[in-house]
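Everything below concerns the one structure shown next.
Please treat every number below as a calculation from the coordinates, not as lab data. Computed from a predicted model, the values in this text were never measured in an experiment. With ideal geometry, Cβ positions are generated from the backbone for all residues, glycine too; neighbour counts draw on all protein chains shown.
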Amino acid sequence: MKSLLLNSLLSICCMTPPYLISGSKARAENWGCQVILCLSNPGGPTQYAECRPPIQKLWRELAKGHSFPTCGGVGFHSSRPGYDPYYCDVGYRLAGEDGIRGRQVTCVSTSAQSVSDALCSNDGDDFGTRNNSVLSPHWQRQDGRRQCMGYPIMRPNVRSQPHFVDVTIDGAATQRVWY
């Protein structure tokens, strides 16, 4: 009888999942749930004072390359950390090309705009060239007259927080968190 009781007790101990015993795992999940709750706030993750410490810890941990925290019982998914240092103003798209100095990134207008006539060639067929300020300057008929059109180029803006993680909570829209 004593050996049966001992064997039963050993079986239960071996089958008990480690997360039910470990106190450190519970604290990690608690922090993960705080992070998710704060990230889901429409007013921003640090709007409330209670959210600032967990979110600041999140940014520090992600910056060190650690994974996104978990929260049990919530439909939650996060992407791998990403890096995107540049962005363009509205009406422009990010474009990159390999140049003499390596990879160069610029912002190119998404629609043709009227540019200086000096940028278009006189033969009227110069649709593939580029100078430092306009991509593909070309002559185009507009309102019955010839006009030089092209895609203006500008320098990209640099993000102060270029690292990100995409977070989806309960299958809702994905939110990008920059750090």
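At a glance:
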item: Arg159-Arg52 pseudo-label distance in nm [points 7 Å out on the Cα-to-Cβ vector]; result: 2.4 nm
item: Charge sum, other residues only, whose C-beta stays under 14 Å from Tyr179's C-beta, Lys/Arg counted +1 and Asp/Glu -1; result: +4
item: Charge tally in the Cβ shell below 10 Å around Gly82, where Lys, Arg are +1 and Asp, Glu are -1, Gly82 excluded; result: 0
item: Where the Cα pairs of the stretch 131-179 fall when distances are cut into 5 Å bins, in %; result: 5, 16, 11, 10, 9, 9, 10, 10, 11, 8, 2, 0
